[in-house]
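The values are calculated or read from the model by the stated rules, or taken from the named source; none is laboratory data. In this text, all values refer to a predicted model and were calculated from it rather than measured experimentally. Every residue, glycine as well, gets a Cβ built from its backbone with ideal geometry; the counts of neighbours run over all protein chains shown.
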Amino acid sequence: MEAYEFYWLDPKGGYQIIGVLPERRKNSARVTQESIMRRGKNIFGNDFDTKDIFFIQVTIDEKTVRIFRPVPITITQRDV
């Protein structure tokens with residue numbers, strides 16, 4: 001199952017995970033970066049400054065519930 005881990009850029013430095021949202025849409029043509037961010041901002045945006053929120057796409061094994069992240073997991077300020 002595809003999912004998105006949402007992170008918040010902590011002003012004190014570093015990143016904190018704020019939640020994981022599974023992808024439930026069957027039509028992959030409807031999945032865009034903008035639609036993913038809009039969904040994340042709707043759910044997590046009330047408690048955080050939305051310009052400091054970003055996501056990475058992950059895969060969750062439905063049998064083991066393990067999360068597989070892209071390799072390497074490097075997030076820079078420029079990527080945000």
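Among the residues of region 41-79 satisfying the criterion of being of a type in the set (Asp, Glu) and more than 19 Å from GLY14 (Cβ to Cβ), which is modelled with the lowest pLDDT? The residue in question is GLU62. Restricting region 1-12 to residues that are assigned to a loop (DSSP other than H, G, I, E, B) and of a type outside the set (A, V, I, L, M, F, W, C) leaves a set whose member that is farthest from the chain's Cα centre (by Cα) is LYS12.
The residues of region 41-61 that are of a type in the set (D, E, K, R) and either in contact with a Ser or Thr (Cβ under 8 Å, 6 or more places away or on another chain) or in a strand (DSSP E or B) (or both) amount to a single one, LYS41. Taking region 13-40 as the search range and keeping residues that are part of a helix (DSSP H, G or I) and at pLDDT 85 or above, which one is surrounded by the most Cβ atoms within 10 Å (Cβ to Cβ)? Applying the filter and picking the extreme gives GLY40. Whenever a residue of region 1-29 is free of Cβ contacts under 8 Å to residues at least 40 places away in the same chain, its partners that are charged (D, E, K, R) and not in a strand (DSSP E or B), lying with C-beta atoms within less than 6 angstrom and at least six residues away or across chains, give the pairs GLN16/ASP10. Total residues in region 16-49 satisfying the condition of being hydroxyl-bearing (Ser, Thr, Tyr) and more than 12 Å from the chain's Cα centre (by Cα): the figure is 2.
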